[in-house]
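To keep things clear, I will list the structure first and then write my remarks on it.
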Amino acid sequence: MPQRPTRSSGAAKPVVDPQSARWARLLMAVSALLFALFCLNVLLGKARIAFGLDLGFLLTDVLEFLLLLLSALFFTLAALAREKAVGARGTGSGS
């Protein structure tokens, strides 16, 4: 199967495990969605303070923290899945 050219100037590693690559894209999409929800909540909270809006659907501090934690967790899982997809395991000296 021919490789697609990449947009970056650096050499990209070929995907050796397509299933892990699909899994990595899904996890990255979930992470991006959770982070977007976190940012939206922060912006709505700022708008509530700045403009005196009465928004009853803002997350509490603990839920906001958990949303950001889940976003970071899914991002980490996506990075690990991508490393597995490209076979990035090093063959170092073992130390």
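The values are calculated or read from the model by the stated rules, or taken from the named source; none is laboratory data. Everything numeric in this text was worked out from a predicted model, so none of it was measured. Virtual Cβ from ideal backbone geometry, glycine too; neighbours counted across all protein chains shown.
Descriptive notes on the structure:
- Yes/no for Phe75 being of a type in the set (Phe, Trp, Tyr), crowded, with 16+ Cβ neighbours inside 10 Å, part of a helix (DSSP H, G or I) and out of contact with any His (no Cβ under 7 Å at 6 or more places or on another chain): yes
- Of all residues making up segment 16-39, the number that are at pLDDT below 95 and closer than 16 Å to Leu69 by Cα: 0
- The set of residues in segment 48-66 that are in a helix (DSSP H, G or I) and surrounded by 13 or more Cβ atoms within 10 Å (Cβ to Cβ) comprises Arg48, Glu64, Leu66.
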